[in-house]
Each structure stands twice: as structure tokens, then as C-alpha cells.
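For reference, the structure is listed below as C-alpha cells.
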Amino acid sequence: MEHMPSQQQPAPPPFAAVIVAAGAGLRAGQPVPKQFAMWRGMPVLRHSALAMANAGAAPIIVAIPQDAEELAEAALKGIANIHLVTGGTTRQASVRNALELLAADFPELPDYVLIHDAARADLPQVVIGRLLAGLAEYPGSIPVLPVVDSISIDKSGVMAGSADRDSLRRVQTPQAFHFPAILAAHRAWQGDATAGDDAQVALAGGLQIRHVPGDEALAKLTFAEDFMGQMPMVRMGMGYDVHRLAAGEELWLAGIRIEHDLGLSGHSDADVALHAVVDAMLGAVAAGDIGQHFPPSDPQWKGASSARFVEHAAMLVAQAGYRIGNVDLTIICEAPKIGPHRDAMRGKLAALLGVDSGAVSVKATTTERLGFTGRQEGIAAQAVVTVFAGQG
């Protein structure tokens, strides 16, 4: 049979994207808003943003909660054409803020815009194609799925009637619109402030909305069980660190300054105990090591308190959808004696991690005067940290 050359698919028309990620996401039971929680190895928001970027969206406006810039930037690191805007008190207000930013800052904006809920993290490219094709004939298009169950109309907990399921559709996002038309509809919106989606706003503005086939993969991440199947309930990390003892240096161990004739030398405060704990925390959620996050070549960390490193690692653990279970820290040195400072160290670590001091163990041992610690040339520390999925 003669081989027929494959036909190249036409490039999609240029389009911008709005991703709504400004909610609290409390029902999902995560330690951070669900759009920043880990799902299938990445923050939920990153899945949606990557899908839009891979489909060619530019620019991509992400509406986020107030004061969530650090969380959003961490989740979106490395994705091109991302711009953040603070969301409003309702979903409709958040979308309007994003659309107004597009209108004000992007004069060469494409005619099409897709508006998507970040919580619908599994976004098939084929759905984006269907939506853009729908805009060739209509000012708006939305993905829908049929209703397969019988419908009961509820009144005070009692069935008050039924509805024709053949005429009903389940609505998903992203939803696609001609940009000037949806911006005008949002500016003119006078309806209920809790508008569930942009199709409601568009319909109220007189726009005709095309139905295109949606996808079951676009299910919304809403409850804790939506996340639990994606991650092990318990994880563990191990950390180890060494620092040299030197004259003229302060001695910090587990966040406590100890009077001693020698101190630990390093780029930061050289708190070898906290460094081991940080590496254990990072290891538990596969987030690299302390040198990646706080490289000694970076002058901003010169003399820095290692407590900042612990707080940063704790934030990464929370972003991954976990909470600290317990910490087991062992300090290896001949001197100073750790016993008199043990309770203060446990309290300090517990405060930094937001856990009860009963979840923190601090132990000390010597090497019977063997090796560099035995010769009092340095101090070593090792730590084991367990983390549990979800909130405590």
C-alpha cells in the first residue's frame, strides 16, 4: 500500500488564559490552600498552568489569594508568560480582576481567552482544542458532560419533583470566550455575587454559549480523599551534617547559643543540628537538600540564622501536603555537654516546627575520642524526620 504523507495539524489560534486560584480550599483538608497542595508529584496549580502553557496560552494570568505570592511563585517556577493578580472576595471578582489586568497591560492581547479553575488539575489538551474550535462560530464555548443519574428536586429533605436529565449537562472548565465579549459581560454583571462560573456571567450578558464535549478527567479536586490516594500516608527523611570547630566563632546547636571556647565555622551560623533536621525534612518530601535551597556561595546567607532554613523546609513540607510527625536528632561531639541544654533545644525545635515538644527527641553521643569528633575538630549531627499526609 502506498504510504500517504501525514497531514500536519493546524496550529491553534492564539489565546490567553486565566487560572482562578484565589480560594481558601479548606474542604480539601490540606495544610495549605488546595491549589498549592501536592497532587501527582506537583502542586495542583502547576498542573493547570503547564497544561495551558503547553497548549500555547500567552499570557497566563493567575488569580491568587492575598499574600500568597511566595506560594504561587514556588508552584509556578519556570513556566513562561505567567502573571499574578490578587483575587477578589468571590470567584467572579477574581476573574474580573484578571480580565482587567489583561485589558490594561496587554494591548496586543489575542481575541480568545480561556478561564479555568486551578482545582481541575487534569486538563486534557483535546478539550482545549474543542473549546477553541467552538469560538470560530460562537462568542463562548464550555465543556459539558451528560447527566447519567436520575434527578430529584429537593425541598426540605423531601423529593418535590424530578427533572429531565436528557436536557441537563454537567459544566466544567476551562471555558472559552472572545475576550472583549466576556470582559464586557463581567463589567456589566449585576447578578448574584456567587456566580458559579463564567458561562453564567456570559449568558446574563446576552452571549450564546456553545456546548463541546468535556472529559471525566477534569473532575474537580475538592475533598481530602481526592488527595489521599495520590500520596503515601507516611514518609521519612534522614539528614546528616558536619561543621568544623574553630576559635572565635559562636556555638549554635539546635537553635540554642551555647557558651564554649570553640564555635562552629560555616557560611551561616553553622548550626549543624538544625542543618541535619532541615535535610531530613527536605528528604522526607523529596525536595532536594539544604545546599540547593541555601547555597553557601550566596552572600545573603552569610551569618544567617539556621532557624530560617527550618521554617523554609517546614513550608515545603506543608506545600507537599504533609505535616511533621516526629523528629529524632542526635548530636555527636565530645564537648560541650548536651544534657543541660536538651530541654531548651527540644522546645526551640518544637516551636520552629509547630509541633509539641513531645514529638522532638534530642540525643547526644560521643565517638569514644575516635575520629574528628573525638579529637574535637568538629561536631556532627544526624536526624530522622517522619511526615504524615494531611492536617493534624
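The values are calculated or read from the model by the stated rules, or taken from the named source; none is laboratory data. Everything numeric in this text was worked out from a predicted model, so none of it was measured. Reconstructed Cβ throughout: ideal geometry from the backbone, glycine too, with neighbour counts over all protein chains shown.
Some points to look at:
- Ala219 vs. criteria at positive phi and modelled with pLDDT under 95: no
- Filter result for Gln292 (farther than 27 Å from Thr386 by Cβ, assigned by TED's automatic domain parsing to the domain that holds Leu352, of a type outside the set (Phe, Trp, Tyr) and not in a loop (DSSP other than H, G, I, E, B)): no
- Elements of type helices (runs of 4 or more DSSP H) in region 302-392, at least 1 residues being of a type in the set (D, E, K, R) and closer than 30 Å to Ala247 by Cβ: 306-319, 342-353
- Region 353-392: number of residues that are under 18 Å from Gln319 (Cβ atoms) and at pLDDT 95 or above: 2
- Region 78-100, residues that are under 30 Å from His293 (Cβ atoms) and either surrounded by fewer than 18 Cβ atoms within 10 Å (Cβ to Cβ) or without any contact (Cβ under 8 Å) to a residue 60 or more places away in the chain (or both): Gly78, Ile79, Ala80, Asn81, Ile82, His83, Leu84, Val85, Thr86
- Members of region 186-209 that are under 18 Å from Asn97 (Cβ atoms), over 31 Å from the mean Cα position of the chain (by Cα) and part of a helix (DSSP H, G or I): Ala188
- Asp298 being among the acidic types (Asp, Glu), closer than 24 Å to Gln319 by Cα and surrounded by fewer than 23 Cβ atoms within 10 Å (Cβ to Cβ): no
- Set side by side, the residues Ala103, Ala75 differ, and just one is assigned by TED's automatic domain parsing to the domain that holds Val201, touching a residue at least 40 places away in the same chain (Cβ under 8 Å), surrounded by fewer than 17 Cβ atoms within 10 Å (Cβ to Cβ) and not in a loop (DSSP other than H, G, I, E, B), which is Ala103.
- One residue alone among Gly354, Gly358, Gly347, Gly339 is among the small types (Gly, Ala, Ser), surrounded by fewer than 17 Cβ atoms within 10 Å (Cβ to Cβ), in contact (Cβ under 8 Å) with a residue 40 or more places away in the chain and out of contact with any Leu (no Cβ under 9 Å at 6 or more places or on another chain), and that residue is Gly354.
- Qualifying residue in region 143-158 (condition: part of a helix (DSSP H, G or I) and within 32 Å of the chain's Cα centre (by Cα)): no
- In region 159-181, the qualifying residues are those that are assigned to a helix (DSSP H, G or I) and hydrophobic (A, V, I, L, M, F, W, C), and the one that is nearest to the chain's Cα centre (by Cα) is Phe179.
- Residue check, Leu183 in the same structural domain as Asp111 (by TED's automatic domain parsing), at pLDDT 95 or above and either out of contact with any strand residue (DSSP E or B) (no Cβ under 7 Å at 6 or more places or on another chain) or over 22 Å from Leu109 (Cα atoms) (or both): yes
- Condition met for Ala58 (touching a residue at least 12 places away in the same chain (Cβ under 8 Å), in the same structural domain as Leu132 (by TED's automatic domain parsing) and assigned to a loop (DSSP other than H, G, I, E, B)): yes
- Flag for Val212 being closer than 25 Å to Ala49 by Cβ, among the β-branched types (Val, Ile, Thr), in contact (Cβ under 8 Å) with a residue 60 or more places away in the chain and not in a helix (DSSP H, G or I): yes
- Some residue of region 158-170 being more than 21 Å from Ala63 (Cα to Cα), surrounded by 18 or more Cβ atoms within 10 Å (Cβ to Cβ), in contact with a strand residue (DSSP E or B) (Cβ under 7 Å, 6 or more places away or on another chain) and hydrophobic (A, V, I, L, M, F, W, C): no
- Restricting region 106-138 to residues that are part of a loop (DSSP other than H, G, I, E, B) and under 22 Å from the mean Cα position of the chain (by Cα) leaves a set whose member that is surrounded by the most Cβ atoms within 10 Å (Cβ to Cβ) is Ala118.
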